[in-house]
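> Attaching a single structure in structure tokens format; questions to follow.
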Amino acid sequence: MVDSPRDAVLNLIKKMKPDIFVNAVTNGSYSAPFFVTRFREALFHYSALFDMFDATLPRDNPHRIDFEQDFYGPEVINVIACEGAERVERPETYKQWQVRCMRAGFKPFPLNNEIMKKLRRKVVTGYHKDFLFDEDGNWMLQGWKGRIICASSCWVPS
């Protein structure tokens, strides 16, 4: 018996026997069933995203407007206003994904240190000072002002 659709997908990926599996996730802890907890965590997450937009793009930028209205707007509404099966946005932290992937029979594939150094240098020298680029274990972390927004890792079958 599969516990969740996420576990089912990971098990299907494992059955495909990939040479490598890249997992890129939204790092969020706003999937709690309780409204106040979910609202608070969603507020922290989306505040970081909108603050990043404010610092890097003019408010009248048409691409920004489209992205906010067509992507993040519906996502925020779903997280905050919907309950039960109507709520489809249920992100987990990258550490929760680590456990899921290992439980599904994958092991982490190490990040390439040279590539990580090049990426870190590029972010530090060519982008806004508040962009976060870091690593934790075998996860590449990206965020804004100390808040991890997304994480990526590579996995191989164990």
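The values are calculated or read from the model by the stated rules, or taken from the named source; none is laboratory data. Please read all numbers here as calculations on a predicted model, not as lab measurements. Glycine gets a Cβ as well: all are built from the backbone with ideal geometry, and neighbour counts include every protein chain shown.
> State whether the residues of segment 19-37 include one that is more than 23 Å from ILE149 (Cα to Cα) and exposed (fewer than 13 other Cβ atoms within 10 Å of the Cβ).
Step one: filter segment 19-37 for residues more than 23 Å from ILE149 (Cα to Cα), giving 19-20.
With the extra rule that they be exposed (fewer than 13 other Cβ atoms within 10 Å of the Cβ), the set shrinks to 19-20.
Yes: one or more hits.
> Being surrounded by fewer than 17 Cβ atoms within 10 Å (Cβ to Cβ), touching a residue at least 24 places away in the same chain (Cβ under 8 Å), in the same structural domain as ASN23 (by TED's automatic domain parsing) and under 19 Å from the mean Cα position of the chain (by Cα) is the requirement here; does PHE44 meet it? Walk me through how you get there before you give the answer.
Values: surrounded by fewer than 17 Cβ atoms within 10 Å (Cβ to Cβ): yes; touching a residue at least 24 places away in the same chain (Cβ under 8 Å): yes; in the same structural domain as ASN23 (by TED's automatic domain parsing): no; under 19 Å from the mean Cα position of the chain (by Cα): yes.
No.
> Here are some residues: LYS129, LYS122, LYS118, LYS107. Which one is touching a residue at least 12 places away in the same chain (Cβ under 8 Å), out of contact with any Gly (no Cβ under 6 Å at 6 or more places or on another chain) and among the charged types (D, E, K, R)? Write out each step before concluding.
On the way: LYS129 fails: touching a residue at least 12 places away in the same chain (Cβ under 8 Å); LYS122 fails: touching a residue at least 12 places away in the same chain (Cβ under 8 Å); LYS118 fails: touching a residue at least 12 places away in the same chain (Cβ under 8 Å).
Step by step, each of LYS129, LYS122, LYS118, LYS107 is checked, and only LYS107 is touching a residue at least 12 places away in the same chain (Cβ under 8 Å), out of contact with any Gly (no Cβ under 6 Å at 6 or more places or on another chain) and among the charged types (D, E, K, R).
Conditions tested, residue by residue: (1) modelled with pLDDT under 95; (2) assigned by TED's automatic domain parsing to the domain that holds CYS150; (3) among the aliphatic types (A, V, I, L, M).
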residue	(1), (2), (3)
ASP19	no, yes, no
VAL22	no, yes, yes
PHE71	yes, no, no
GLU86	yes, no, no
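> If only one of PHE133, PHE71, PHE106 is within 17 Å of the chain's Cα centre (by Cα) and surrounded by 15 or more Cβ atoms within 10 Å (Cβ to Cβ), which one is it? Give the derivation first.
Numbers: PHE71 fails: surrounded by 15 or more Cβ atoms within 10 Å (Cβ to Cβ); PHE106 fails: within 17 Å of the chain's Cα centre (by Cα).
Of the residues listed, the single one that is within 17 Å of the chain's Cα centre (by Cα) and surrounded by 15 or more Cβ atoms within 10 Å (Cβ to Cβ) is PHE133.
> Residues ASN11, ASN61: which one is surrounded by 13 or more Cβ atoms within 10 Å (Cβ to Cβ), over 17 Å from the mean Cα position of the chain (by Cα) and within 23 Å of SER153 (Cα to Cα)? Outline the logic, then answer.
On the way: ASN61 fails: within 23 Å of SER153 (Cα to Cα).
Only one candidate qualifies: ASN11.
> Something else about it: Being assigned to a helix (DSSP H, G or I) and touching a strand residue (DSSP E or B) at 6+ places or on another chain (Cβ under 6 Å) is the filter here, so list the residues in segment 65-105 that pass it. If you could, list the steps in order and put the result at the bottom.
The first filter runs over segment 65-105 and keeps only residues assigned to a helix (DSSP H, G or I), leaving 65-81, 84-86, 94-103.
Passing the criteria: TYR94, TRP97, CYS101.
> Within segment 96-147, work out how many residues are touching a helix residue (DSSP H, G or I) at 6+ places or on another chain (Cβ under 6 Å) and at positive phi.
Selection size over segment 96-147: 1.
> Would a scan of segment 147-154 turn up a residue that is touching a residue at least 40 places away in the same chain (Cβ under 8 Å) and part of a loop (DSSP other than H, G, I, E, B)? Talk me through it step by step, then tell me what you get.
Initially, segment 147-154 is screened for residues touching a residue at least 40 places away in the same chain (Cβ under 8 Å), giving 147-154.
So of that shortlist, the ones also part of a loop (DSSP other than H, G, I, E, B) come out as none.
Checked against the condition, which is being touching a residue at least 40 places away in the same chain (Cβ under 8 Å) and part of a loop (DSSP other than H, G, I, E, B), segment 147-154 yields no hits at all.
> State whether the residues of segment 107-130 include one that is in a helix (DSSP H, G or I), closer than 24 Å to ASN11 by Cα and not β-branched (Val, Ile, Thr). Lay out the reasoning, then the answer.
If we filter segment 107-130 for residues that are in a helix (DSSP H, G or I), which is where we start, we get 113-126.
Then drop every residue that is not closer than 24 Å to ASN11 by Cα, which leaves none.
No, because not a single residue in segment 107-130 is in a helix (DSSP H, G or I), closer than 24 Å to ASN11 by Cα and not β-branched (Val, Ile, Thr).
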